[in-house]
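Here's the structure we're looking at; comments come further down.
The values are calculated or read from the model by the stated rules, or taken from the named source; none is laboratory data. All values derive from a computational prediction rather than experimental measurement. As a convention, Cβ positions derive from the backbone with ideal geometry for all residues, glycine included, and neighbour counts pool all protein chains shown. Only protein heavy atoms, including side chains, enter the accessible area calculation; ligands, DNA and RNA are left aside. Shrake-Rupley method; radii C 1.70, N 1.55, O 1.52, S 1.80 Å.
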Amino acid sequence: MDLYEIRGARLNVIAEETELQELNRDMASPQKSPGAKDGHDVFTSARRIESDIDSTRNQLQEKVAEMENFAGHLEEIFLTIEENFGRREQHLEHHYTDVLQTISQRYDERAARLEDEKKRKLEALYAQLLACGHTLDASKELIEEAKEVYRSQDNRLFLKVVVPTIERIEEFAKEEMDFTLATNLEFETPLADLSDVKSMMDSINIVPAPSAPVINPQMANSATQTSLRVCWSLFSDDTVEFYELYYRPVLQDAPLDNTTAPHESKSKVKETHCTVKGLLPGAQYELWVTATNTTGISPASEKALYMTVPSPPVIKQRQCCSCPEAALIRWESGNPDPVDSYTVELTELNGPDGTEKGFTESVVAVPTCQCMIQLQAGHHYLISVRAVNIGGPSDRSEAIVVATSGTFFHLLEDTAHPCLSISEDGFTIFYGDEELPISAMALDDNNFTRCVAVLGDLTPVRARHYWEVEVDDRTEFRIGVAYEDTERNSYLGGNNTSWCMRHILTTTRHKYEFLHNGQSPDLRITVNPVRIGLALDYERETLSFFNVDLEQHLHTFQCQFQRYVQPCFGLESPGALTIHNGIEAPKHTFIGYP
């Protein structure tokens, strides 16, 4: 049985146990009986048993996950062992082939030398044999010649040739005959020089130092806020006992003299992967690896850059706004460099303080730190943000609750006149009695300079928006809407980029004007409104004002808005006004007034 069969068998056993517990739970479910006296106790006991079974099932599921992780780890070790065995086998095969080739070469050389020695010996013996043959022929010739002289009957001839013949026989007899062999019959047997073969045999047990490993590029979702999973490979047939992974953070503004070089850390592992922990969130790390065996250490791999998951973003709640159709969510990231995109997650709630109603929807691949989300009117949503890079998504940010029952916005404090104060909650503005000298005013191009006013941050959606303003009838004010780039050194309603309702105190009465481009219709309001409702309708291109307490329509501007407008609030005398938003618009506000 291999590793996969063992793993599958264990998981099947756990699945059978889970099914058995489900069956027991079904059997333990109480059956209602009309005459049962202890029905409540049975029901309570069944609920307790069901809770225990659910707890046991959760524990079993956790064990299944742990066993799967362990089985995956065993599989990786199994593959590593197989790779090392294959490399070792190839190494032995290579050395075995080399040894056989060397021995075969030595055999061929020795056989050639023996063949040369045999040839030389045979040639020497053959030459000696020829010499013996010549000597025998010469002796036979002298013997025959002596026989002929001895048999000769002519005395005169005998006397004439006998003396030369005797001299020749004496000279032949004086010659010494060498009867020793011209060559040694034994062959030379020099010791074979097999030192290189011995070295090769010894080198079978000597593993060469590994070559440089190669770090793989970072995989998606391979990191957390404080850890990185790094993988590498070895393309040669080297045998490796362990690897050493080196890593250090990459400083964004590193000095040229390297006087404050980041600390270098290392981890020792046996597999071709490693999970490095204890890292900084949203940081970039430089990594390289070496391989080591009994012979030595490989060269270092090429350096690779990995990134940890970013820190969770922080939603800027004072800069978020919403309306019944949509919400504009803004946030900030601690370090935007390692962030590739953002994911906005929203879940519908059962009321403002209710539980999560259903599944979570996600808006992915948001490139900047803000996102417009289309929503349904009259609901509550729990919204959070994640930062995403190649390492994976960050943890969720702290969630905020967004209601789409009405229009909700905050004030753009960077547009406020220096004499204007804003409450801590951001919905009440104050104009004090003391006038600040111009030298004490910190002004920039975005602040109102003539009108003591401030803009609101309305959701840029062409829909219906409604908010209310609570005022004091002893305070002079201007309220309405204006383009975001309305002139800062002009009064609200005094130009063609703003529309507003103005309250003026005269010696005889309260005067109300509805100003646009410095002009107002001749209207008289008899009951001073304390709470004024403003209804902005992009579709009908209208801006209407109401006395909320009396449900009385005051005035409607017919506007041709070229672009989005923002709420505007101004005070012309010391006092305060309070903004109420996020409330549902009364039914009479968008009926359609002339």
Only unsatisfied item for Arg478, checking (1) closer than 30 Å to Ala326 by Cα; (2) among the charged types (D, E, K, R); (3) in a loop (DSSP other than H, G, I, E, B), is (3)
Every listed condition ((1) touching a Gly at 6+ places or on another chain (Cβ under 9 Å); (2) closer than 17 Å to Ser397 by Cβ) holds for Tyr306 save (2)
Exactly one of Thr290, Thr294, Thr347, Thr343 is touching a residue at least 12 places away in the same chain (Cβ under 8 Å), among the hydroxyl-bearing types (Ser, Thr, Tyr) and part of a loop (DSSP other than H, G, I, E, B), and that residue is Thr294
With criteria (1) within 25 Å of Val548 (Cα to Cα); (2) at pLDDT below 95; (3) surrounded by fewer than 17 Cβ atoms within 10 Å (Cβ to Cβ), Thr428 comes up short on (2)
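Quick check, is Thr556 modelled with pLDDT under 90 and surrounded by 16 or more Cβ atoms within 10 Å (Cβ to Cβ)?
On the way: modelled with pLDDT under 90: no; surrounded by 16 or more Cβ atoms within 10 Å (Cβ to Cβ): yes.
Considered against the rule, which asks whether it is modelled with pLDDT under 90 and surrounded by 16 or more Cβ atoms within 10 Å (Cβ to Cβ), Thr556 comes out as no.
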Checked pairs for the stretch 523-534, first closer than 10 Å to Leu554 by Cα, second polar (S, T, N, Q) and surrounded by 15 or more Cβ atoms within 10 Å (Cβ to Cβ), C-beta under 6 Å and 6 or more apart or across chains, list as Pro529/Asn547
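Kindly evaluate Ile206 against the criterion of being β-branched (Val, Ile, Thr) and either at pLDDT below 90 or open to solvent by 70 Å² or more (accessible area, probe 1.4 Å) (or both). Lay out the reasoning, then the answer.
Details: β-branched (Val, Ile, Thr): yes; either at pLDDT below 90 or open to solvent by 70 Å² or more (accessible area, probe 1.4 Å) (or both): yes.
Answer is yes for this residue.
Criterion first (charged (D, E, K, R), open to solvent by 70 Å² or more (accessible area, probe 1.4 Å) and in contact with an Asp or Glu (Cβ under 9 Å, 6 or more places away or on another chain)) does Arg563 satisfy it? Lay out the reasoning, then the answer.
On the way: charged (D, E, K, R): yes; open to solvent by 70 Å² or more (accessible area, probe 1.4 Å): yes; in contact with an Asp or Glu (Cβ under 9 Å, 6 or more places away or on another chain): yes.
Against the criterion (charged (D, E, K, R), open to solvent by 70 Å² or more (accessible area, probe 1.4 Å) and in contact with an Asp or Glu (Cβ under 9 Å, 6 or more places away or on another chain)), Arg563 qualifies.
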Here the residues within the stretch 389-414 that are touching an Asp or Glu at 6+ places or on another chain (Cβ under 6 Å) and more than 30 Å from Gly570 (Cα to Cα) are Asn389
Going through the stretch 553-577 in order, the residues found to be under 19 Å from Tyr512 (Cβ atoms) and among the β-branched types (Val, Ile, Thr) are Thr556
Of the candidates Glu413, Glu470, Glu487, the one satisfying the condition of being open to solvent by 50 Å² or more (accessible area, probe 1.4 Å), closer than 30 Å to Leu349 by Cβ and either over 45 Å from the mean Cα position of the chain (by Cα) or of a type in the set (Gly, Ala, Ser) (or both) is Glu470
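Matching residues to (1) assigned to a helix (DSSP H, G or I); (2) under 30 Å from Ala209 (Cβ atoms); (3) among the aromatic types (Phe, Trp, Tyr); (4) open to solvent by 60 Å² or more (accessible area, probe 1.4 Å):
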position	(1), (2), (3), (4)
Glu83	yes, yes, no, yes
Glu89	yes, yes, no, yes
His94	yes, yes, no, yes
Asp98	yes, yes, no, no
Ile103	yes, yes, no, yes
Arg110	yes, no, no, yes
Arg113	yes, no, no, yes
Asp116	yes, no, no, yes
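What's the total number of residues in the stretch 493-508 that are part of a strand (DSSP E or B) and in contact with a Leu (Cβ under 8 Å, 6 or more places away or on another chain)?
Total satisfying the criteria: 5.
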Flagged pairs (Cβ under 7 angstrom, 6 or more apart or on separate chains; first in the stretch 137-161, free of Cβ contacts under 8 Å to residues at least 12 places away in the same chain; second open to solvent by less than 100 Å² (accessible area, probe 1.4 Å) and not in a helix (DSSP H, G or I)) are Phe158/Ser152
Counting only residues that are open to solvent by less than 20 Å² (accessible area, probe 1.4 Å) and over 20 Å from Glu348 (Cα atoms), the stretch 297-330 contains a total of 8
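Which of the residues belonging to the stretch 376-402 are touching a Phe, Trp or Tyr at 6+ places or on another chain (Cβ under 8 Å) and buried (at least 20 other Cβ atoms within 10 Å of the Cβ)? Steps first, answer last, please.
Initial filter on the stretch 376-402 (touching a Phe, Trp or Tyr at 6+ places or on another chain (Cβ under 8 Å)): 385-388, 391, 397, 401-402.
Those that are touching a Phe, Trp or Tyr at 6+ places or on another chain (Cβ under 8 Å) and buried (at least 20 other Cβ atoms within 10 Å of the Cβ): Val385, Arg386, Ala387, Val388, Gly391, Ser397, Val402.
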Per the filter on the stretch 140-158, residues surrounded by 13 or more Cβ atoms within 10 Å (Cβ to Cβ) and closer than 30 Å to Thr183 by Cβ are Leu142
Subset of the stretch 126-135, residues open to solvent by 90 Å² or more (accessible area, probe 1.4 Å) and either more than 14 Å from Asp178 (Cβ to Cβ) or in a loop (DSSP other than H, G, I, E, B) (or both), comes to Tyr126
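Identify, from the list His503, His553, the residue that is over 23 Å from Ser421 (Cα atoms), of a type outside the set (D, E, K, R) and in contact with a His (Cβ under 8 Å, 6 or more places away or on another chain).
Numbers: His503 fails: over 23 Å from Ser421 (Cα atoms).
Criteria check complete, one pass: His553.
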Restricting the stretch 225-240 to residues that are modelled with pLDDT of 90 or more and not in a strand (DSSP E or B), the one farthest from Val276 (Cα to Cα) turns out to be Thr226
